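Read-outs: derived from the displayed coordinates by stated rules, not from any lab. These numbers come from a predicted model, not from an experiment. Heads up, the Cβs are rebuilt from the backbone with ideal geometry, glycines too, and the neighbour counts pull from every protein chain shown.
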Amino acid sequence: MIAIGCDHGGYELKQEIKKYLTEAGYEFIDYGCDSMESCDYPEYAKKVANAIVEGKCEKGILICGTGIGISIAANKVKGIRAALCTDCFMAEATRLHNDANILAMGGRVVGPGLAIKIVETFLITAFSGDERHVRRIAQIED
Ligand code: RB5
């Protein structure tokens with residue numbers, strides 16, 4: 001199960017991503033927001049982050065205007081590793097190396113075509129499990 005959330009700056013891109021997830025057969029829960037009306041991204045970052053740490057969802061996708069605020073907010077939740085990605089290399093590397101559990105993107109930064117490729121890469125790439133990466137992730141949690 002995938003948790004997805006956004007603020008007004010990410011709303012349009014979230015709609016595109018939901019369409020992709022549905023067509024690709026992924027199950028997801030949309031934690032809002034539900035329109036382009038101005039709202040506060042920490043609220044949606046926390047909802048998606050909590051869904052992951054509580055075990056309701058395995059991975060999350062968060063989108064705000066830049067992807068910055070919403071990733072900063074999500075990373076305040078213990079156990080969350082939210083990675084702001086602007087290309088597929090970053091999405092692949094953060095799964096392989098950081099075992100990132102949330103993908104953050106900027107709706108005002110990446111177009112829908114690239115964003116969907118980033119989502120696809122993030123979702124299909126498994127953590128490498130390499131000892132050095134396991135060790136470094138453990139150090140983040142200390
Ligand atoms: C909202 O205007 C904007 O500040 C927000 O979407 C995000 O980019 C914050 O980091």
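Listing for the model above:
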quantity	calculated
Centroid-to-centroid separation of region 26-41 and region 57-97 [C-alpha atoms, Å]	16
Simple Cβ-charge dipole of region 39-142, Lys/Arg +1 and Asp/Glu -1, about Cα centre, in debye nearest 20	140
Selection from Ser35, Ile124, Ala83, by position along the positive dipole direction of the chain (Cβ)	Ala83
Helix-only mean residue ellipticity at 222 nm for the chain, each DSSP H run of n ≥ 4 adding -39500 (n - 2.57), per residue, nearest 500	-15000 deg cm²/dmol
Mean shadow area of the chain, taken as a quarter of the surface of its Cα convex hull (nm²)	7.4
Long pairs among Lys78/Lys117; Lys14/Lys59; Lys19/Lys78, criterion Cα-Cα beyond 25 Å	Lys78/Lys117; Lys19/Lys78
